[in-house]
1. How many residues does the stretch 747-793 hold that are of a type in the set (Asp, Glu) and not in a helix (DSSP H, G or I)?
2. Going through the stretch 497-520 one residue at a time, which ones are aliphatic (A, V, I, L, M) and surrounded by 22 or more Cβ atoms within 10 Å (Cβ to Cβ)?
3. Being at pLDDT below 85, open to solvent by less than 20 Å² (accessible area, probe 1.4 Å) and within 30 Å of Asp620 (Cα to Cα) narrows it down to one residue among Leu409, Leu374, Leu457; which is it?
4. Go through the stretch 616-646 and give me each residue that's assigned to a loop (DSSP other than H, G, I, E, B), of a type in the set (A, V, I, L, M, F, W, C) and within 30 Å of Ser460 (Cβ to Cβ).
5. Which of the residues belonging to the stretch 187-215 are in a loop (DSSP other than H, G, I, E, B), in contact with a His (Cβ under 9 Å, 6 or more places away or on another chain) and not β-branched (Val, Ile, Thr)?
6. Determine whether Glu129 is in contact (Cβ under 8 Å) with a residue 60 or more places away in the chain and either surrounded by 20 or more Cβ atoms within 10 Å (Cβ to Cβ) or under 33 Å from the mean Cα position of the chain (by Cα) (or both).
7. Only residues in the stretch 480-492 that are in contact (Cβ under 8 Å) with a residue 40 or more places away in the chain count as the first member; pair them with residues that are part of a loop (DSSP other than H, G, I, E, B) and open to solvent by less than 20 Å² (accessible area, probe 1.4 Å), Cβ under 7 angstrom, at least 6 apart or cross-chain, and list the lot.
8. When residues of the stretch 350-368 are filtered for being open to solvent by 20 Å² or more (accessible area, probe 1.4 Å) and under 19 Å from Val43 (Cβ atoms), how many remain?
Amino acid sequence: MGCAHAMCLACKLPSMIVRMASFVADLRYCLRVLSRSPGFALVVVLTLGICIGANTAIFSAVNAILIQPLPAPHSERLVRLYQTNRQNSNRGPTSIATLLDWQHENEAFSGLAGYAFKGLALQDRTGAEAILSAAVSPNYFAVLGLTARFGRTFNLEEDQSGHDHVVILSDRLCRRLYGDETDVIEKSLQLNGESYVVIGVMPDTVTFPNERVEAWVPLSFSQDQLQARGNNWVSVVRRLKDGVSFAQAQQAMSTLAHRLASRYPDALADHGIELNSLYQDTVGDTRPTLLLLQATVACVLLIACLNVANLSLTRAVGRRKEIATRSALGASRVRLIRQLLTESTLLGLGSGCIGVLLAEWGIELLSWLGKSYLHRLTEVRIDAFVLGFVIVVSLLVGIVTGVAPVYALCGKRGQNLQTRLRENRPGSIGAGGRSRRLMVVFQLASAVIMLTCAGLLLRSFWHLQSVQSGVFEPEQILTATIRLPPARYRTGDSIVAFYSAEQARVSELPGVKSAGAINDLPFGGSHDASSFQIEGRPALSDAQRPTADNVIVSGNYFRTAGIPLLAGRLFDQRDASGAPRTILVNQTFASPFFKDAQDAIGNRINNGTCIATIIGVVGDVHQYSLIKMAAPEIYYPVEQSQDAIDIGENDAQWMTLVIRADPAMLVEPLRKAIAEIDRDLPLYQVRPWSQVIADSMGDRRLNVWLVGSFALVALLLAALGLYGIVSYSVIQRRREIGVRMALGAQSLDVIRLIMWDGTRMLLSGMLIGLLGSLGVSHLLQGQLYQVAPTDPATLVGVILLLGAVALMANYLPARRAASIDPVRSLTE
């Protein structure tokens with residue numbers, strides 16, 4: 001058997017060598033042909049290379065974010081648990097007490113861990129630096145299946161008081177603080193005014209729960225927090241047991257939710273438990289954005305391929321004699337087809353190489369544009385899978401751009417090749433003329449679809465920007481978040497004293513018109529809600545009680561933000577810590593329960609923790625985004641914030657300063673003013689309020705910029721395609737035009753004749769494109785705001801824009817045709 005196999009290989013070897021030699025000969029011939037047309041090769045490689053580069057950059061993000069699993073072992077078994085409120089359909093974190101109850105439920109899970117984001121002030125001799133950290137359960141990394149790069153993770157007892165001053169650093173923070181040293185274990189750091197010991201360093205692949213997290217500390221809690229079942233601030237992640245499906249785990253947690261609701265009816269009667277894949281939870285709303293961008297750049301690449309194919313068809317006219325000669329010398333149809341496809345494939349692979357180089361810049365640009373809106377961007381890179389994508393795309397590009405010239409020169413099987421190639425009349429390359437027109441029509445149709453999508457996104461974004469945020473002139477307000485370390489600001493008195501000193505000092509800064517602070521900055525992404533009962537009205541069950549966001553303010557917050565007072569008064573010295581509790585509510589809070597804003601004044605609200613009197617009603621502010629309506633809000637003065645909302649840590653320890661002044665001139669004076677009060681307090685996220693609002697709709701801005709840019713590129717490519725085919729038609733019909741003019745045709749007649757040919761392609765492309773856009777635009781429904789997918793104004797605008805550009809591309813060669821000298825054209 002072995003001998004027979006060897007003899008078979010020996011028989012095949014000569015033919016394999018012949019085929020290899022033939023391929024090498026074809027390759028060398030292609031290089032010679034392309035070297036004789038360097039301009040053509042350069043234009044093709046650059047055009048396709050730019051488009052392939054854009055596709056590669058976007059696909060790298062799609063691969064890292066949507067295709068690749070989370071960087072954790074068996075990440076498909078990781079789930080996020082949410083506590084839901086059946087009354088208002090909200091879902092969010094849970095309390096420490098409920099977390100411990102969930103932890104005891106192990107039927108479907110092999111582990112459970114909690115985490116919460118935490119701001120830390122890292123102190124050294126030069127001052128304080130703000131870093132984002134995560135407070136996590138001791139078994140957090142074990143649940144995720146992650147190990148330290150060096151050192152260790154937390155022990156089970158390190159969430160207890162006295163053992164919780166340990167910290168794990170991210171690799172980038174470790175390098176920033178200590179360089180490439182590996183002996184950082186047991187070194188001491190000053191965090192929030194307290195000493196922490198470094199016990200480990202995590203690799204840079206650890207990006208959960210947020211890629212901006214630079215340190216992890218134990219999730220410790222007080223007895224007050226343990227007893228406060230309504231204090232929901234801990235997020236939960238669990239790992240499914242092997243063999244347990246997602247549906248089974250959801251059923252198990254739903255059963256547990258019913259048991260806990262019957263056990264703690266006051267706190268959990270209207271609450272449930274919802275599971276979500278950690279992968280889906282991390283990806284979030286990124287999927288529609290990335291898929292839209294990938295479809296957009298793919299469409300641009302297809303239009304570019306059609307343009308190159310059209311250019312290759314025109315070039316093929318000059319190669320008829322060359323192909324005829326090779327055919328006469330004995331080259332078969334298969335050999336000629338292989339030769340032409342090798343040329344186009346070689347150009348496609350060359351474009352792919354250029355595309356990979358440009359993709360590196362594209363990834364950096366995408367990371368810069370989408371750093372606040374797209375998750376897992378730090379994982380985006382060109383890996384082996386992406387390189388495979390580039391190779392496949394390059395080969396497809398080579399085939400697509402080479403098929404049309406192959407068909408034009410070699411025709412269908414059975415046609416006489418010599419007869420076909422000997423024809424010397426203009427436009428005689430078989431179906432080449434029809435093919436070019438069809439490709440231009442498809443380019444125009446694709447441009448219509450892309451322009452329609454870009455127009456819908458642009459109009460949606462324009463409508464979104466016209467929404468009144470509730471903040472007056474946010475571009476004139478500087479915001480800066482500050483975190484008071486609990487070690488030095490444990491009591492309400494110390495917190496109030498700091499904000500009093502801060503208010504007085506900041507108000508003295510040059511250019512400051514007013515200043516205040518709020519714990520949950522509108523559009524900042526965080527909120528704290530609780531149910532409430534209006535005193536003196538029939539008592540409601542927990543499931544029937546409405547909810548409102550709880551907000552703490554200090555200083556002249558409402559004046560600084562430009563929020564109007566609708567009735568009553570604002571907070572003043574009468575609302576000190578020892579005075580009866582008072583609150584302000586917004587218009588959305590007051591409207592369902594009172595006749596008007598004035599009618600709300602004097603009513604008492606019980607939020608389950610305290611009872612407070614409404615002293616004023618203020619205007620609405622969009623708390624979450626411009627898309628979502630304003631939510632009911634209750635405002636508490638910082639002087640009365642201790643235990644007014646949550647039991648345990650005072651929410652006023654983490655506030656955002658809002659200062660009405662020129663933001664560009666205030667940043668450094670503000671840092672110095674805070675340092676004068678407490679040099680160990682860093683400022684987080686110092687930026688104008690307008691930037692905060694802009695970031696809240698940054699994913700939509702990213703779509704508008706990128707889709708709009710690519711749509712304009714598609715428009716330009718389509719116009720160039722139309723211009724090219726009309727110009728080529730003028731060259732082919734030069735003698736015909738000369739005859740017409742010699743017989744008395746005027747310049748206007750010639751222009752009308754030439755433009756009619758281009759106008760037919762334009763009208764056909766517009767019709768096909770409009771039909772296609774009606775189907776494709778419905779896929780953008782989730783990305784649109786107050787704009788219908790069939791918005792007439794957008795469609796009319798697209799038709800006018802494309803019509804104007806295309807008619808100009810049509811008119812220029814027509815005008816040149818009208819200037820042809822009849823005598824010269826007839827004697828050529």
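1. 1
2. Val506, Ala515, Ala517, Ile518
3. Only one candidate qualifies: Leu374.
4. Val621, Leu626, Ile627, Met629, Ala630, Ala631, listed by residue number.
5. Asn210, Glu211 - these are the residues of the stretch 187-215 that are in a loop (DSSP other than H, G, I, E, B), in contact with a His (Cβ under 9 Å, 6 or more places away or on another chain) and not β-branched (Val, Ile, Thr).
6. Values: in contact (Cβ under 8 Å) with a residue 60 or more places away in the chain: yes; either surrounded by 20 or more Cβ atoms within 10 Å (Cβ to Cβ) or under 33 Å from the mean Cα position of the chain (by Cα) (or both): yes.
Taking the combined requirement at face value, the residue satisfies it.
7. Ile482/Leu681; Pro485/Asn192; Ala487/Asn192; Gly492/Ser641; Gly492/Asn650
8. Matching residues across the stretch 350-368 total 5.
The values are calculated or read from the model by the stated rules, or taken from the named source; none is laboratory data. The shown structure was predicted, so the numbers you read here are calculated from the model rather than taken from an experiment. Cβ coordinates were reconstructed from backbone atoms using ideal geometry, including for glycine residues, and neighbour counts include every protein chain displayed. Each accessible area value is taken on the protein alone, full model and side chains, heavy atoms only, with ligands, DNA and RNA left out. Shrake-Rupley method; radii C 1.70, N 1.55, O 1.52, S 1.80 Å.
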